[in-house]
Each structure stands twice: as C-alpha cells, then as structure tokens.
Amino acid sequence: MPRDVSDGRYVHTAVVVMMSLAIFASASATLVNALNPGSHLMDVVVPPLMCLVFAGSLVALVRHPEWLLPVTRLALSASSVALIAPTWLYTVQALTTPGTQLIAILPPISSLLVVLIVMVMFFFPLRQAFCIALLLWLLIALPVLIYLVAHPAEMWTPRGTSLLMTYGPIILMLVVLLPMLSGMHGTIDRLASDRVSMEALINLDPLTKIHNRRVSEQLLKNCIAERIGGGVIMFDLDRFKAINDTYGHAVGDQVLTAVAARCKALLRANECVSRWGGEEFLVVIPGADDVVVRQVAERLRRAIANAPIGAVPRVTASFGVTTIRPDDSPAGVLERADRALYRSKQRGRNRVAVSPALLDGEPMA
C-alpha cells in the first residue's frame, strides 16, 4: 500500500476517534448541566449544540472521507466560538457583579484550549496556524489572565494558579513550539519523499520506466510463498539485434520504451511487467489461471505487433507462458517460462507458446 494512502487512512481514523470523544465529552457536559439546577443558560445551551456539531461532523467524515480537512476545520471553528463565548461572558459577569469570583463560575475549559491549539497545528499551514493560535490566546486566555492579575486573591487560589499556568506559560510554549513542530513535520515529509524517490530508483528500469527484474522476482516469490498462485509470461523481442544494426541504438531504445508502455497500459495495478534484461521482459499475474494468463499474453503480443514504432515498420515478440504450481520454486517457474519462450522462437516467432504443464502433458517441441 502506498505510504500516502496509509497515512491518510491513519489521520482519518484519528480524527474520527477524536470526534467520538468530543461527542462523549459534550454529551456528558450536557447531562451534568441539565441535572444542576444552578447552571447558567450558556452552560445548558453550548454543550448540546457542540454535541450536534461533532455528531454531524462525524457522520460527514464516515460518509465522505475526502471531506476530512474542511469538516475538521469547521469543527475547530465551532469549538473556538464555544470557548470564546463563555470566557467573555463569565469574565464580564465577574467584573460587573459584586461578590462574584471568576474562579468559581468559569467552566473547566482551560484544558480544551490546549487541545484546540494542538489540533490547529495539524490542520492549518504554519503561518495560518500561528496566527490562529495567537488569536485564540488573545481572545480566550488573555482576558482571564488580566482578570487574575487584577484580583490577586483569586489568582493565588488553587484554581487561580492552575488557570494562570495553563493560560500563561503552557499556552505560550505551545505557540512558540508551532514553527519547530511544523519544521519537524516538513523534514519528515521530505524524508518520506526521498525514500519514495530512492525506491523508484531501485525498483524502476531507467530506460523503459517500468519495474526492473528485482520487483518481478519479489512478486513471484510472494505468489509462491503466500500460495496465491498466478501466471508468468516471459517474452522477447524478435530480431532485436537487426533493429539496432539497421536503425541504430537510439531507435532500439525507443522500441524498448514503446513496448514497455504498451504492455503496462494493458495490465492491471496488481499485475507486474518488468524488463528482465536486454530486450527480454517478464510479466507476473498473481492469482491467474492458465486460461487468463494465455489471454493476457495474446493481448500483449497483438499490442506489440499491430502498430509500427517510430522508424521501425513492424516489431514482434515471442511469448512463453506458464502457471505457478503449489510446490513450485521461482527458479522452476522461470525455467518453464524460458523453455516455452524458446519453443515460440522455434515455431516461427510472433506467437504464444505455453509450458507443457498447461498442455495436458503435450511433449515439448
């Protein structure tokens, strides 16, 4: 499985889990506030609204995984509003109502701000994430900090010092770490990209840009080890030396590249065509039976022979076909395919020959 696909599924699963936890948390807050007769109206209204937002986001993500980024950003925006509104409401209430302490009426939302900023780090570009995090700190943390500094009696209580530490050093530390974390993420992405490039260099034939011998050998070993069977097609371009001698090696390279492209276009994603060496190619088809592998070989033969390639008016290839037996070895499979290819050459070229195992015991020609 490609790395980007695997990583995308991991992120999607992680967000679905977080949405589920957010639904549980907001539903729990809704229940607690509903059972508390002294709850403020905002405490009664905001949690169920957020529960609906997270539930809708979760349904959207399950039905449309490709909406991951916009749905997540929408949920983060709603969460920001849900933290900003009570912060300002209760701060103003504590300032304007005699005998009311902010530490007594402010909901336990300080930890949610930390989670919100961390989520912003992952789902927004660096510059945008930094600005959003700073804005959230200004709108949510700063009013509380100003209030606490102006009311030392509340600031030095256990709740006050907890708010002071969370909204002060901890949040600012997260904001400062944003560029560093983003830089690390960029470095990881570059390393992953370099790894993909290195794998391409290792696994691709530099001329034809199809798989090289190493890949087809490994796929053949996997088919045997995992007992999924399959078919193997070995083919060789007919009189290729004459093409090089007549038209030059540049045209010969053009022929090899065109043949590789035509064959690759006819094969499915799980089927592998590789340059085996020189003008020889190998196709491995996992799970194919003898009928399918012969049909594929015939399609490839016609695709090569039916149209000229550059200055060469006609290019043909000879094919040898075999299937993988339960007790096979890679060497045994390749030997049978090679013998069938030799048989095709003996019978006049530009044809498909199968190994004796596919001919119900027909003797080798």
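Expressed to the nearest 5 percent, the antiparallel share of DSSP beta bridges inside region 251-361 is 65 percent. Dipole size of the chain about its Cα centre, with +1 on Lys/Arg Cβ and -1 on Asp/Glu Cβ: approximately 940 debye, rounded to the nearest 20.
In the chain, which whole DSSP H runs stretch at least 27 Å along their own axis (Cα) and average -1.0 or higher on the Kyte-Doolittle scale? Counting only whole DSSP H runs, the qualifying helices are 3-35, 41-63, 68-96, 171-203. Among P286, P98, P206, the largest mean-square fluctuation in a Gaussian network model of the chain, built with springs joining Cα atoms closer than 10 Å, belongs to P98. Take the Cα of A225, step 7 Å toward its Cβ, do the same at V118, and the gap between the two points is 3.8 nm. Counting DSSP beta bridges in the chain, what percent are antiparallel, to the nearest 5? Antiparallel: roughly 80 percent of the beta bridges in the chain. In the complete set of protein chains, residue-level accessible area for H211 is approximately 70 Å², probe 1.4 angstrom.
Based on C-alpha pairs under 8 angstrom that are at least 6 apart in sequence, the chain has a relative contact order of 11 percent. For W88, W137, W156, the ranking by accessible surface with the largest value first comes to W156, W88, W137, using a 1.4 Å probe. When the solvent-accessible area of region 258-365 is split by element, carbon and sulfur atoms take up 49 percent of it, the probe being 1.4 Å. In this calculation the C-beta distance from Q218 to L49 is compared with R0 = 45 Å, giving a FRET efficiency of 0.25.
For R314 and T13 in one chain, what is 0.36 nm times their gap in residues minus the Cα-Cα distance, to one decimal in nm?
Computed gain between R314 and T13 is 103.0 nm.
Take K264: with every protein chain present and a 1.4 Å probe, its accessible area is about 120 Å². Residues of region 251-267 with backbone nitrogen within less than 18 Å of a virtual label 7 Å along the Cα-to-Cβ line of N306, please, listed as ranges. Those under the cut-off are 258-267. Local charge for T323 was computed over the other residues whose Cβ lies under 11 Å away, with Lys and Arg +1 and Asp and Glu -1, and equals 0.
The helix-only estimate of mean residue ellipticity at 222 nm for the chain, built from DSSP H runs of length n ≥ 4 each weighted as -39500 (n - 2.57), is -22000 deg cm²/dmol after division by the residue total.
The values are calculated or read from the model by the stated rules, or taken from the named source; none is laboratory data. Treat the numbers as computed from the prediction; the structure is a model and nothing was measured. Glycine also receives a Cβ, built like all others from the backbone with ideal geometry; neighbour counts cover every protein chain displayed. SASA here: full protein model, heavy atoms, side chains in, ligands and nucleic acids out. Shrake-Rupley method; radii C 1.70, N 1.55, O 1.52, S 1.80 Å.
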